[in-house]
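Notes follow once the structure below has been shown.
FYI, it's all coordinate maths here, none of it is from the lab. Fair warning: this is a prediction, and the values are worked out from it, not measured in the lab. Neighbour counts run over all protein chains shown; Cβ positions are idealised from the backbone, glycine included.
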Amino acid sequence: MHIGTGARKTSKKWDDYFMRVAFAAAMNSTCLRHSFGAVLVNDKRIVSTGYNGSPAGSPNCSDCGFCLKDQHGLKSGDYGAGHECHAVHAEANAVIQAGRDRAKGGILYSTGQPCYQCAKLIVNAGIIEVVFVIPYPDPKTVALFGKVGPNHLWEGPVVLRRYVPDSLAIRIRGRNADEMAVLASIKGIESYTI
């Protein structure tokens, strides 16, 4: 399966609306590297939202003033023994907040393409489509979504669709050159760095 296959379950108008909500959720991020947001939708109704940040009750990177991955020279997607990212990803938070009963059959809008760890949660939650703006080079995610079928929890593929909006009237934070380049290409987004 390649990115962009599958029938779109919503109109462009709804895609715009839900993606604006996902970008608004990203503004709550406490991560020093990335601001990601997600919104889980079922039957054109918002079920839950999520943003990347520290686990509940623990200090966040913004408060501490440092990122574990930066301290150990790790890139996004790299994991070293004992130096994993402290943050819970936006997609994971949205799925956790919804629970499987409300997530099943839904569409997840995310500002960024899910990583492999989040993709596994998405599959087990029964989500049928993921719509994202910022690509994340994780071939394992695409492969997992392509293998979902009769032998797994959800019968049928999880559609992974890159969304390229005409414009989004929202001000969002970009934290690195890749994010800034994608955001700069979208009309109506005023991006800024922290």
Please compute the length gained on full extension between Arg45 and Lys13, using 0.36 nm multiplied by the number of residues separating them and subtracting their Cα-Cα distance. 10.1 nm
For the stretch 84-132 and the stretch 46-65, what is the separation of their Cα centres, given in Å? 15 Å
For the pair Tyr116 and Ser62, what calculated FRET efficiency results from E = 1/(1 + (r/R0)^6), where r is the Cβ-Cβ distance and R0 = 30 Å, to the nearest 0.05? 0.70
Under 5 Å between amide hydrogens, which residues at least 5 positions from Val159 or on another chain qualify, with H placed 1.01 Å from N in the peptide plane? Glu129, Val130
28 Å Cα-Cα threshold exceeded, pairs from Lys104/Lys140; Lys69/Lys104; Lys12/Lys69; Lys12/Lys104: Lys69/Lys104; Lys12/Lys69
